[in-house]
Structure formats: structure tokens, C-alpha cells
1. Quick check on Ala144: is it at pLDDT 95 or above and either among the hydroxyl-bearing types (Ser, Thr, Tyr) or out of contact with any His (no Cβ under 7 Å at 6 or more places or on another chain) (or both)?
2. Would you point out which residue out of Phe179, Phe202 is modelled with pLDDT of 90 or more and in contact with a Gly (Cβ under 9 Å, 6 or more places away or on another chain)?
3. Filter the range 89-107 for residues that are of a type in the set (S, T, N, Q) and closer than 22 Å to Glu155 by Cα; which is nearest to the chain's Cα centre (by Cα)?
4. Given the conditions (1) more than 21 Å from Val83 (Cα to Cα); (2) free of Cβ contacts under 8 Å to residues at least 24 places away in the same chain, report the number of the one that Asn164 does not fulfil.
5. So which pairs qualify, if the first residue must be in the range 111-129 and over 16 Å from Leu157 (Cα atoms), the second must be in a helix (DSSP H, G or I), the Cβ gap must be under 6 Å, and the two must be at least 6 apart or on different chains?
6. Output the residues belonging to the range 142-156 that are in a loop (DSSP other than H, G, I, E, B) and open to solvent by less than 50 Å² (accessible area, probe 1.4 Å).
7. What's the number of the only condition in (1) on the phi > 0 side of the Ramachandran plot; (2) open to solvent by 90 Å² or more (accessible area, probe 1.4 Å) that Gly119 fails to meet?
8. Name the residues in the range 153-188 that are touching an Asp or Glu at 6+ places or on another chain (Cβ under 7 Å) and of a type in the set (Gly, Ala, Ser), would you?
Amino acid sequence: MKLAASKRRRSQAAASGGRNGRAVASDGRSERATAPQSRTGRSAASKRRRRRKRIAATVCNCAGILILISVIGLLLPAVLPNVAGMQVLRIESGSMEPAIPVGSAVFVAPGDAADVVAGDIIAFAREDTQVVHRATANNVVEGAITTKGDANANEDLDRVPYANYHGNVVLTVPFMGDFLAILTTTVGKVYLLAFAICGVLFNILATRLRAQAQAL
């Protein structure tokens, strides 16, 4: 009779343990069922890792795109004018200040010297250099333009023959002349290339992080 009662108690304990979420061992002691909770924990951790990798991939992708856009933006001022037939000159003296500060880049569009009027800023050749001054008069009969630097007290002694006229200044960008001068050096080209490579590497890293996130 005692044996039958003991078996009934173990049977009731097992049933009660199942209802309360407990597992009953062979010796009658109860243990918590931890397997479902463990799987839930692993799933949550996997989701967190996936989310972190996706965020990192987005950050890397944005950084790579911004770097490449910056490289393209740095190259445009040096490339587009040549494509459009214009010329970019760096101002190295203060004869046109304050209108054109030293170190500025001026964009020169070709044109007809006969169309130059007083007040136009023109680029022209003088001996072995290029000069940017303001036209004060245009003698169409003689085919020569009188010029003057804004910062100079007097007009230039030598008038500009039409043959030496290069074009009118259509755009002035302060400080860009110095910047473009650096880019044209070997060191500047190496830095620009390294910058572009960094942008490409960021995009490659973003692709790998996305693949790892999908695999989780």
C-alpha cells in the first residue's frame, strides 16, 4: 500500500510539474525546462548582431559614397572647363584686388577680341606670361585693347594686340587657384588617389557586412 501511494504522489507531482512548466526527474525532483528559453536567447542575440552589422554596413556605404562624391567634386573644376573649351588660371599677383584676390581661380571663356568693351576683365598673353586685367578701351581700328589692373594707379603701358587676347573672365573663385595648384602636383595626385581608394574600400566593406548580416 505504501508503494502504491508513493507512485501516485510521483505521478501527481509529474502532472503538476508539467502544468507549471517544470520537468520531473526520475528521482521525483523537479527541474526547470530551460531549452525554449535558451533558443529564445540565441534568437534575440542573433537579431542584435544582424542589426549591428546592417547599421555598420549603412555607415560604411554612406562614408564611401561621400568620399567618392568629394573626389569627383574636387576634379570637376579642373576637368569641366577644359571640356567646355574654357581655361582656368591661378591669380598670382594683387593687381586685380579686391575684385580678384591672390590665389583665386579665374575661368576664361574664349571670344572675339572685337567684342570686348570697357569694364570687361580679360586674359591675354604678355611675353611668356598670362595676365588678367580689366579693359578700359578697345580700339577696333588698330586692333588693340587698353588694359589696367584695378589695384594699379595707371593703365598698362603696352596695349594688348588682338592676337594676344585669350578670352573674358566669366567666373572667379577665391582660394581655388591655390587648391588646384596643389592637386596638379605629384603629392596632390597621390593623396587624391588614396582618398578615392578609401571610398571604394568602404563600399566593399559595406557589401561584406550586409552578406554577414543575411547569413545570421
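1. So Ala144 fits the description; yes.
2. The conditions single out Phe202.
3. That would be Ser93.
4. (2)
5. Hits for this filter: Ala113/Tyr162.
6. Gly143, Gly149, Asp156
7. Gly119 satisfies every listed condition except (2).
8. Correct list: empty.
The values are calculated or read from the model by the stated rules, or taken from the named source; none is laboratory data. The model shown is predicted, which means the values in this text are computed figures rather than measured ones. Here the Cβ is made from the backbone with ideal geometry for all residues, glycine too, and neighbour counts use every protein chain on show. Side chains included, ligands, DNA and RNA excluded: accessible areas come from the protein's heavy atoms. Shrake-Rupley method; radii C 1.70, N 1.55, O 1.52, S 1.80 Å.
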